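*Asks:* Here it is: the structure, laid out below.
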Amino acid sequence: MIEVRGLRKRFGPVLAVDDLTFDVRPGTVTGFLGPNGAGKTTTMRMILGLDAPTGGTATVLGAPYGRIPAPMRAVGALLDAGAVHPRRTARDHLLCLARSNALPRRRVEEVLGLAGLTAVAGRRAGTFSLGMSQRLGIAAALLGDPGVLIFDEPVNGLDPEGIVWIRTLMRDLAAEGRTVLVSSHLMAEMALTAGHLIVVGRGRLIADTAIDAFVRPGEVLVRTPDAAVLAPALTAAGARVRAGEGGLVVGGMATEEVGRLAAAEGAVLYELTALRASLEEAFMELTRESVEYGVLDGAAR
């Protein structure tokens, strides 16, 4: 479990993180979302002890990261896939991490296989594509078989097969009872991966909620042979009605209300379906006032 309490970080005049408080619980993938400059990476760096907070605390498994006796066995993280010596092979990079953290050599081969890198384990990391570097970074994060995992934009550079792989991997890790925190700008991917969302803007918490509560039903699709009767009745009842998606698209009225009105009008229904707003639409609406249009200090990422 990750616990953040009143976390603040200032870089000179820039307040990158402003009084953040949230928990990341085991058993579900938690998406960490926010516009550019919202403070996501800075928050992750403070959780991992790479940046010192100006105020507040961040603990992992009940302790600050720096006080965890065997950190790689407790926490795995991918913040920068390029943080690898370019002349080391993928296998040697992982072996170095394993030896310095008293991890068995067999674990190196296990994570190489898990990340799909066995065939290129003897290649130097400097020759890797961005997608392969991401896979190597994920392999390193998994090396200690940790209970807590933190990924910053892990799907960058991955091809469609790789995106499906990391999505499945994160969900499987959470299903095993691990704590998984992942940031991403790909809203469609987060909608398929995360069960919980933490949304920040300009360093402040905007939302801490289950994804189903965040992405609420938007409109109702009605397929009926009696549209000429039902549409005016819906409009008269205060709904917004438009043609689309093979039927009537009704806004401002719950599915149950549309069904009752159709019954009262004697309209036959072929389909009555609640349409969910996309995660991207919900995110854009919620963070509209938190987008940084100017250039922000590079520290506030």
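The values are calculated or read from the model by the stated rules, or taken from the named source; none is laboratory data. All values reported here derive from a predicted model rather than from experimental measurement. Neighbour counts are summed over all protein chains in view; Cβ atoms, including those assigned to glycine, are modelled from backbone coordinates with ideal geometry.
*Asks:* So which of A52, A70 ends up being over 22 Å from R178 (Cα atoms) and surrounded by fewer than 21 Cβ atoms within 10 Å (Cβ to Cβ)?
*Replies:* Values: A70 fails: over 22 Å from R178 (Cα atoms).
Among A52, A70, only A52 is over 22 Å from R178 (Cα atoms) and surrounded by fewer than 21 Cβ atoms within 10 Å (Cβ to Cβ).
*Asks:* Here is a follow-up. Residue check, G66 against (1) in a loop (DSSP other than H, G, I, E, B); (2) free of Cβ contacts under 8 Å to residues at least 40 places away in the same chain; (3) on the phi < 0 side of the Ramachandran plot, all met but one. Which one?
*Replies:* (1)
*Asks:* Would you mention how many residues in the range 82-91 are in a helix (DSSP H, G or I) and in contact with a strand residue (DSSP E or B) (Cβ under 9 Å, 6 or more places away or on another chain)?
*Replies:* 1
*Asks:* Right, another one. With (1) modelled with pLDDT of 95 or more; (2) on the phi > 0 side of the Ramachandran plot as the list, and V182 as the residue in question, which single condition is left unmet?
*Replies:* Evaluating V182 over (1) modelled with pLDDT of 95 or more; (2) on the phi > 0 side of the Ramachandran plot leaves (2) as the failure.
*Asks:* Taking the residues in the range 249-264 that are among the aliphatic types (A, V, I, L, M) and surrounded by fewer than 17 Cβ atoms within 10 Å (Cβ to Cβ) as candidates, determine which candidate is nearest to the chain's Cα centre (by Cα).
*Replies:* Pass one, the range 249-264, residues among the aliphatic types (A, V, I, L, M): 249-250, 253-254, 258, 261-264.
Then drop every residue that is not surrounded by fewer than 17 Cβ atoms within 10 Å (Cβ to Cβ), which leaves 254, 263-264.
Values: A254: 29, A263: 42, A264: 44 Å.
Checked the range 249-264; the qualifying residue nearest to the chain's Cα centre (by Cα) is A254.
*Asks:* Quickly run through the range 187-200 and pick out the residues that are buried (at least 17 other Cβ atoms within 10 Å of the Cβ) and either among the β-branched types (V, I, T) or free of Cβ contacts under 8 Å to residues at least 60 places away in the same chain (or both).
*Replies:* Answer for the range 187-200, where residues must be buried (at least 17 other Cβ atoms within 10 Å of the Cβ) and either among the β-branched types (V, I, T) or free of Cβ contacts under 8 Å to residues at least 60 places away in the same chain (or both): E189, T193, I198, V199, V200.
*Asks:* Let me ask something additional. Identify, from the list E176, E219, the residue that is acidic (D, E) and closer than 30 Å to V111 by Cα.
*Replies:* When all the criteria are applied, what remains is E176.
*Asks:* Step by step: first the residues of the range 119-147, then only those that are exposed (fewer than 15 other Cβ atoms within 10 Å of the Cβ) and within 21 Å of R167 (Cβ to Cβ), then the one that is modelled with the highest pLDDT. Which residue is that?
*Replies:* D145
*Asks:* Also, I was wondering about something else. Would you please name the residue that is modelled with the highest pLDDT, looking only at residues in the range 265-295 that are surrounded by 13 or more Cβ atoms within 10 Å (Cβ to Cβ) and hydroxyl-bearing (S, T, Y)?
*Replies:* Here the residue is T273.
*Asks:* Turning to a different aspect of this structure: Tell me whether the range 201-212 contains one or more residues that are at positive phi, in contact (Cβ under 8 Å) with a residue 40 or more places away in the chain, out of contact with any Pro (no Cβ under 9 Å at 6 or more places or on another chain) and surrounded by 15 or more Cβ atoms within 10 Å (Cβ to Cβ).
*Replies:* Yes, some residue in the range 201-212 is at positive phi, in contact (Cβ under 8 Å) with a residue 40 or more places away in the chain, out of contact with any Pro (no Cβ under 9 Å at 6 or more places or on another chain) and surrounded by 15 or more Cβ atoms within 10 Å (Cβ to Cβ).
*Asks:* Starting from the range 102-121, take each residue that is on the phi > 0 side of the Ramachandran plot and list its partners that are assigned to a loop (DSSP other than H, G, I, E, B), counting only C-beta distances under 9 angstrom and pairs at least six apart or across chains.
*Replies:* So the pair list comes out as A102/A70.
*Asks:* Filter the range 78-117 down to the residues that are polar (S, T, N, Q) and surrounded by fewer than 15 Cβ atoms within 10 Å (Cβ to Cβ) and list them by number. Spell out the reasoning first.
*Replies:* Initially, the range 78-117 is screened for residues polar (S, T, N, Q), giving 89, 100-101.
Across the range 78-117, the qualifying residues are S100, N101.
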